[in-house]
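Participant: Got a structure for you, questions after.
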Amino acid sequence: MTEFEGVVSPLRAALDKRGYDVLTPVQKAVLVPELKDADTLVSAQTGSGKTVAFGMSIAPTILGEAERFQHARAPLALAVAPTRELALQVKSELEWLYEMTGASVASCVGGMDMRTERRVLDRGAHIVVGTPGRLRDHIERKSLDLSELKAVILDEADEMLDMGFRDDLEFILGSAPTERRTLMFSATVPRPIVRLAKRYQHNAVRVTTTSEREQHGDIEYRAIAVTPNDRENAIINLLRYFEAKNSIVFCGTRAAVNRMTSRFNNRGFSVVALSGELSQNERTHALQALRDGRARVCIATDVAARGLDLPNVELAIHADLPTNAQTMLHRSGRTGRAGRKGVSALIVPHNWRKRVERMFREVNIDATWAKPPSVDDVMSRDDERLLADSTLTSPIGDNEKAIVEKILAQQSPEQIAAAFVRQYRAGQSAPEDLLDTGPAEERPKRHEAFRESVWFSLTIGRSQNVEARWVLPMLCRVGGITKNEIGKINIEQDETLVELTAASVDGFLKTVGPEMVVEDTIKITRMDNPPRSARPARSERPARPPREDRFNRSDRNARADGPGRKKTYKTRPSPSAPTEDAPAAAEKFSEVRPKPKPKTKSKPEIQGKPEKKLKAKKRKKLKLAKAETKSSSPGREAPAPGSTPMMRRKD
């Protein structure tokens, strides 16, 4: 039996039965004697064996000195995971790890029958694994008793906070006994996780197995620059170029998952979809298809794929860019697991490059910027795989010799080789011909790019309520160009005039097609000359004359003597300017411009009281005077204090 220092004997037997011969760094880190009864905040990359790590870490706490569990009246340990798949995956790992201890492991996840879960909890469970929402439901309905809980584990804690489970987590931790161990495992440790740890952990020990710069060292990051309308074609070429055992494509919405799944199925890829709209049974079948090799590509949303341990995922493609750096790390963590190598490719439209570069800098990732594989690149890679195929080097079997001799007798070696190549390529999807394989190295300045421009006319105008904010994305989509290649958009009554850079015209015309019709009804016409409304480029405008050639202020004063000219005033000498006769100059100025009268202080300022307060007092005195006048008017008497006021009678 292999010896594992710090692991209780029943778990050592389970590890040996499972074929473990060495522990991962995070598993060794949590087994040090100093952490035996301590709260821990563990930061380790995804796929590093965190589930087995916290299973071994809590074993001395919940088992004590015993080697087997007795009947459980209430759970001793609670593990919380963000998604159903991850919770069921954790349950499966803990079941084989605690097999020799006689532990009962129960799950409480959304999408399952709550009555069945309640019956399992009533029979007794030593360890409960669940999602935050379902666990809270059981606690509120008194079907989950946490009174004897000794350990709480939050797996993928940062993801649970990102998914909005903060209130549920705080409710669960607040319902647990105060004397307990709290273990938090997370791929990243942002500030919300630190605040949660300070609130619900006691003297927590931070455990970090890798530095930030070494995060995901087994993953090669690539940024693929594409035009927006070539995004899906670039993904097809990437899948064909790498031909990974299993690949996962991340999309931002369920609609994008459905659209991409349909298209890739039509192209001959073995694809399964994974999104929140699927039932638990459908999700289980999709994951099983990936595990047994019936499917090789999984198209999923972020939420559906979080924490999944899919086997042999060698390629992760970000079809929709991640919202932040932490999401990018979690997505990329589906590959490069357990010491294997993997590739994480981000599909980056040209106008998103700076944002993606900032994202890489935030997590210290040195990514390689590249163009998407072209048709020639994919075909060349296919030829390399063909020549390296083991069927070409394996010896001829006895049952194959007869048919081999017949084929050689009937066909030439060239014909046999051609048949082999055709057979090899028969089941493969053809790569896509991309319109643009990447942006220019340095984008010219805008006025330089439009020095030589071409104008086009569209048969839509102001009478059809056309706006520039609608025309711009439409041209980018149907013409395969970017907004940086579109200049002025002049909307007339019955037509719209658009300026394009001369370098983009050929590609634009090729994409639009010879009919020059887009959106079924809009006709595009190339103009021979710029329209009259187009102003000349900045470089073609006449330059301003030098300042010394223009007349100065004294010249203007000298020319202002004719009829209709404005009367000029002599300039007042500056106090600092040197002068021979300062009194004479002052006297001359006083003749031209009369000396202003001294400003007299207003009455409120003389009294030293603000004018607003005085006005308020006057209004108050005026109101009191009116009231006295009304009360002293003949025919009416003022009511006595405390008496009931009389109603006014209408005459």
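Participant: Gain in length, E170 to R294, computed as 0.36 nm per residue apart minus the alpha-carbon separation, to one decimal in nm? Please report the intermediate quantities before stating the final value.
Facilitator: Numbers: separation 124, 0.36 × 124 = 44.64 nm, distance 4.13 nm.
Contour length minus the Cα-Cα distance gives 40.5 nm.
Participant: Go through the range 44-127 and name the GluC sites (Glu not before Pro) that are in a DSSP coil and have 12 or fewer other Cβ atoms within 10 Å of their Cβ. Walk me through the numbers before you get to the answer.
Facilitator: Numbers: sites: E65, E67, E85, E93, E95, E99, E117; in loops: E65, E67.
Answer in residue order: E65.
Participant: Moving on. Let me make sure I get this right: for the range 446-539, a, b and c are the square roots of the gyration tensor eigenvalues over alpha carbons, sorted descending. Under 1.5 in a/c it's rounded, otherwise prolate if a/b > b/c, else oblate. Which is it? Kindly include the intermediate steps, with their values, before the conclusion.
Facilitator: Working: a/c = 1.62, a/b = 1.17, b/c = 1.38.
The shape class here is oblate.
Participant: Please compute the modelled spin-label separation between K17 and E467, points set 7 Å along Cα→Cβ, answer in nm with one decimal.
Facilitator: Going by the 7 Å Cα→Cβ label model, 6.7 nm.
Participant: Distance check, please: which entries in K371/K510; K245/K371; K245/K401; K488/K510; K483/K523 exceed 26 angstrom between their Cα atoms? Each step should come with its number before you reach the end.
Facilitator: Values: K371/K510 21 Å; K245/K371 23 Å; K245/K401 32 Å; K488/K510 22 Å; K483/K523 20 Å.
Over 26 Å Cα-Cα: K245/K401.
Participant: Using R₀ = 56 Å, calculate the FRET efficiency as 1/(1 + (r/R₀)^6) where r is the Cβ-Cβ separation of E34 and E357; round to 0.05.
Facilitator: 0.85
Participant: Net charge near S275: determine it from the other residues with C-beta under 11 Å of the C-beta of S275, scoring Lys and Arg +1 and Asp and Glu -1. Before the final figure, lay out each step's value.
Facilitator: Values: positive: R254, R283; negative: E277, E282, D302.
Neighbour charge sum, excluding S275 itself: -1.
Participant: What list of ³J(HN,Hα) couplings, whole Hz, do you get for the range 11-23 from phi and the Karplus terms 6.51, -1.76, 1.60, once you set θ to phi - 60° and write x for glycine and proline?
Facilitator: In residue order, the calculated couplings are 6, 5, 5, 5, 5, 5, 5, 6, x, 6, 10, 8, 8 Hz.
Participant: What FRET efficiency, computed as 1/(1 + (r/R0)^6) with R0 = 41 Å and r the Cβ-Cβ distance, is obtained for T253 and A430, rounded to the nearest 0.05? Don't skip to the answer; put the middle values down first.
Facilitator: Working: r = 28 Å, r/R0 = 0.68.
Result of the calculation: an efficiency of 0.90.
Participant: As an exercise, use a Förster radius of 45 Å and the Cβ-Cβ distance of L387 and T116 to find the FRET efficiency, rounded to the nearest 0.05.
Facilitator: Values: r = 55 Å, r/R0 = 1.22.
Computed FRET efficiency for L387 and T116: 0.25.
Participant: DSSP loop trypsin sites (Lys or Arg not before Pro) in the range 129-188 with at most 11 other Cβ atoms within 10 Å of their Cβ, which ones?
Facilitator: R141, K142
Participant: In nm, give the distance between the simple-model label positions of E414 and R141, each being 7 Å from the Cα along the Cα-to-Cβ direction.
Facilitator: 7.5 nm
Participant: Turning to a different aspect of this structure: With Cβ to Cβ distances under 12 Å as the rule, what net charge do the other residues near M100 carry (K, R +1; D, E -1)?
Facilitator: Working: positive: R12, K17, R18, R68; negative: D16, E67, E95, E99.
Residues near M100 contribute 0 overall.
Participant: Let's see if you can work this out: charge +1 on each Lys and Arg Cβ, -1 on each Asp and Glu Cβ, no other charges. What is the dipole magnitude of the range 9-208 about its Cα centre, in debye to the nearest 20?
Facilitator: On the way: 27 positive and 27 negative charges, 42 e Å.
Taking the Cα centre of the range 9-208 as origin, the dipole is about 200 debye.
Participant: Right, next: Let me spell out the model: positive unit charges on the Cβ of Lys and Arg, negative unit charges on the Cβ of Asp and Glu, origin at the Cα centre of the range 446-539. What dipole size does that give, in debye rounded to 20?
Facilitator: Values: 13 positive and 13 negative charges, 77 e Å.
Computed charge dipole of the range 446-539: roughly 380 debye.
Just so you know, all these numbers are worked out from the coordinates, no wet-lab data involved. None of the values given here were measured: they were computed from a predicted structure. All Cβ positions, even for glycine, are placed from backbone atoms using ideal geometry, and neighbour counts span all protein chains on display.
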